[in-house]
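Colleague: What follows is a structure written as structure tokens; I'll ask about it next.
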Amino acid sequence: MKTKHYPDDVSQNFLKLRNQLISATGKAIGDYNMIEEGDTVLVCMSGGKDSHAMLMILLALQERAPINFKLIAMNLDQKQPGFPADILPAYLEKLGVEYRIVEADTYSIVKEKIPEGKTTCSLCSRLRRGIIYTTAQQLGATKIALGHHRDDIVQTLFLNMFYGAKMKAMPPKLATNRGEFMVIRPLAYCAEKDIATYARGMQFPIIPCDLCGSQENLQRQKIKDMLNQWEREQPGRVNNIFRAIGNVEPSHLADFDLYDFKQLSQAKEEDEDQMFDHQTFGNQDMPLTIATQDEKRIAFSRKSFPLAVTTEE
């Protein structure tokens, strides 16, 4: 059965946005070789806007991809009080996709182990991860798809810098510790605001996370607020930060495990700091030249350049 990918009454702007998200997701999958021929992809569904969008976009890509791969949607019922356990199964049945509802009472464990008022995210995520890996193994999945987007990746970079003194983000593709699975983030190139607009247009049955979503003063929320403020001041800044994560120059950082500073005697051409690039600013091109010098002072002055005159016939 062919999946119906959007409501009947959507606008042309919505269709344009949808195509942009599909294109960005397809590019991320291609750039990082996330999905290969014959893969079984476990699509982790929290019930939030991001995982809903990921599933629907992957279904669209599955129909047009030149390779064959299988999708299995998975939702973890953590037994939170008031969790609407019937919503996602009914929705996934309607979509006609293969799915598994996994039941595990992580809620009581988190409440038992974490003091009241403390952040529950760390323990909750570790428990979820173990359950997801076990489920993937049971189903024979080769890839595990998570719904993290570009903004999540940038936020994680700053969280690790500010609170962990480490320059580390979320990679679009990650091998698990024992190499059993490959974790992929197909929405890595997608902005949260675009996903939110898409989710509203799709009218997804959103399920909020009442376990951690209601906690105030989370570190991630503070980082998110900071980045949103930066984006308002200078649109495009968050995307530039994301691009920087994939454009690293180890010789211009300070990690001696990544770059052998101790043995450095002469820079490679690609490591040369342009401030000291004599090929670019040789004697002929340098706009400043030494005017006077003595034992205690060297003075540069501006060179005079002939005015280039062009004539048009």
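The values are calculated or read from the model by the stated rules, or taken from the named source; none is laboratory data. Computed from a predicted model, the values in this text were never measured in an experiment. With ideal geometry, Cβ positions are generated from the backbone for all residues, glycine too; neighbour counts draw on all protein chains shown. Only protein heavy atoms, including side chains, enter the accessible area calculation; ligands, DNA and RNA are left aside. Shrake-Rupley method; radii C 1.70, N 1.55, O 1.52, S 1.80 Å.
Colleague: When the convex hull of the Cα atoms of the chain is projected onto a plane and the area is averaged over all directions, what value comes out in nm²?
Modeller: 27.7
Colleague: What is the Cα coordinate range of the stretch 8-69 on the first, second and third principal axes, sorted by size from largest, in whole angstrom?
Modeller: Here the spans come out as 35, 26, 20 Å, largest first.
Colleague: Also, quick follow-up: Would you mind checking which residues have amide H under 5 Å from A73's amide H? H placed 1.01 Å from N; only 5 or more apart, or other chain.
Modeller: V43, E98, Y99, R100
Colleague: Using the Cα centre of the chain as origin and beta-carbon charges of +1 (Lys, Arg) and -1 (Asp, Glu), tell me which of G30, Y99, A65 is placed farthest towards the positive end of the dipole.
Modeller: Towards the positive end, the residue furthest out is Y99.
Colleague: While we're looking at this one, here's another question. Heavy-atom accessible area of K224 with all protein chains present, probe 1.4 Å, nearest 10 Å²?
Modeller: 50
Colleague: Run the helix sum for the chain: -39,500 (n - 2.57) per DSSP H stretch of 4+ residues, divided by residue count, reported at 222 nm to the nearest 500 deg cm²/dmol.
Modeller: -12500 deg cm²/dmol
Colleague: Taking only protein heavy atoms into account and a 1.4 Å probe, give the accessible area per residue of the chain in Å².
Modeller: For the chain, the solvent-accessible area averages 65 Å² per residue.
Colleague: Under 11 Å from the 7 Å Cα→Cβ point of D8, by amide nitrogen: which residues of the stretch 48-92?
Modeller: none
Colleague: Compute the long axis of helix 150-164 from its Cα atoms, compare it with the longest principal axis of the Cα atoms of the chain, and write down the angle in degrees, 0 to 90, nearest 10.
Modeller: 70
Colleague: If you don't mind, there's one more thing I want to ask. Mind checking Rg over Rh on the stretch 1-159, alpha carbons, Kirkwood formula for Rh?
Modeller: Taking Rh as the inverse mean 1/r over Cα pairs, Rg/Rh reads 0.98.
Colleague: Relative to the longest principal axis of the chain, what angle (0 to 90°, nearest 10) does the C-alpha long axis of helix 192-202 take?
Modeller: Approximately 30 degrees, to the nearest ten.
Colleague: Continuing with this model, one more query. Taking a cut-off of 18 Å, what percent of all Cα-Cα pairs in the stretch 112-181 are separated by more than that?
Modeller: Pairs farther apart than 18 Å: 54 percent.
Colleague: Also, I was wondering about something else. Tell me, what % of the accessible area of the chain is carbon and sulfur with a 1.4 angstrom probe?
Modeller: Carbon and sulfur: 50 percent of the exposed surface of the chain.
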